[in-house]
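This report refers to the structure that appears directly beneath it.
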Amino acid sequence: MAGHDGTGLILGDDGRTRCWWHGGAEDYQAYHDREWGWPVDDDRRLFEKICLEGFQAGLSWLTILRKRENFRAAFANFEFVKVARFGDKDIARLLQDVGIVRHRGKIEATMNNAKRAIETAGEFGSLAAYFWRFEPAPEARPKRLDFAALSKLATTPESIALSEDLKKRGWKFVGPTTVYAFMQAMGLVNDHVEGCACRAEALAARESFKRPG
């Protein structure tokens, strides 16, 4: 992955300055530009992301991103009502699927989380309404999100609270670091660093976004 000069920024071949972490990889850059940090209220996408963050544990997100279509095919496009009906035959099938991460614990956690998602969406009206309850207040965020500030945000009080609440509800593989990465990706926070060409775009999307609930 390409490095940076301490600013957390790299200059792309197209002349746009971006967060460093995509490293110039074409697919990773597209994910940075078009998905990461944009607010999401679609339950299927939210469920997919929280599960894939669990699969990422111990791996890189790029590894998971490049397998994402395989995961979607394997897990019924992360339609959680369908995944909740998976059983032993599906576990056996998934453990033989070379296109995904074949980790029994994570596979079983996804099946479990699908059942928990049905319960959570039933209680709050939607998964989106539930997750967006944990959006940080503006005053809880760094006044200037430079690389130094971002480096301190592996977890936050909000991600810890969400993680603890999910665990109480029976969700698995939802530690506070995993949950904060989910919050970053789904736009509950805007962690594009200052100077990134996408920061203002993500901010505008958040400002026009109608919070569910």
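Could you check how many residues of segment 151-163 are outside any loop (DSSP other than H, G, I, E, B) and surrounded by 14 or more Cβ atoms within 10 Å (Cβ to Cβ)?
Summing the residues that are outside any loop (DSSP other than H, G, I, E, B) and surrounded by 14 or more Cβ atoms within 10 Å (Cβ to Cβ) in segment 151-163 gives 6.
Considering 139, 201, 194, 123, the condition of being acidic (Asp, Glu) and either under 16 Å from residue 51 (Cβ atoms) or not in a helix (DSSP H, G or I) (or both) is satisfied by 194 alone.
All of 33, 41 fail the test of being farther than 21 Å from residue 166 by Cβ, of a type in the set (D, E, K, R), crowded, with 16+ Cβ neighbours inside 10 Å and out of contact with any Gly (no Cβ under 8 Å at 6 or more places or on another chain), apart from 33. Each residue in segment 55-88 was checked for being among the basic types (Lys, Arg) and part of a helix (DSSP H, G or I), and 3 of them qualify. With respect to the conditions (1) part of a loop (DSSP other than H, G, I, E, B); (2) within 16 Å of the chain's Cα centre (by Cα); (3) not acidic (Asp, Glu), residue 52 falls short on a single one, namely (1).
Every read-out reported here was derived from the displayed coordinates using simple, explicitly stated rules and does not represent laboratory data. A quick note: this is a predicted structure, and the numbers were derived from the prediction, not measured. Because the Cβ atoms are built from the backbone with ideal geometry, glycine has one as well, and the counts that use them run over all protein chains shown.
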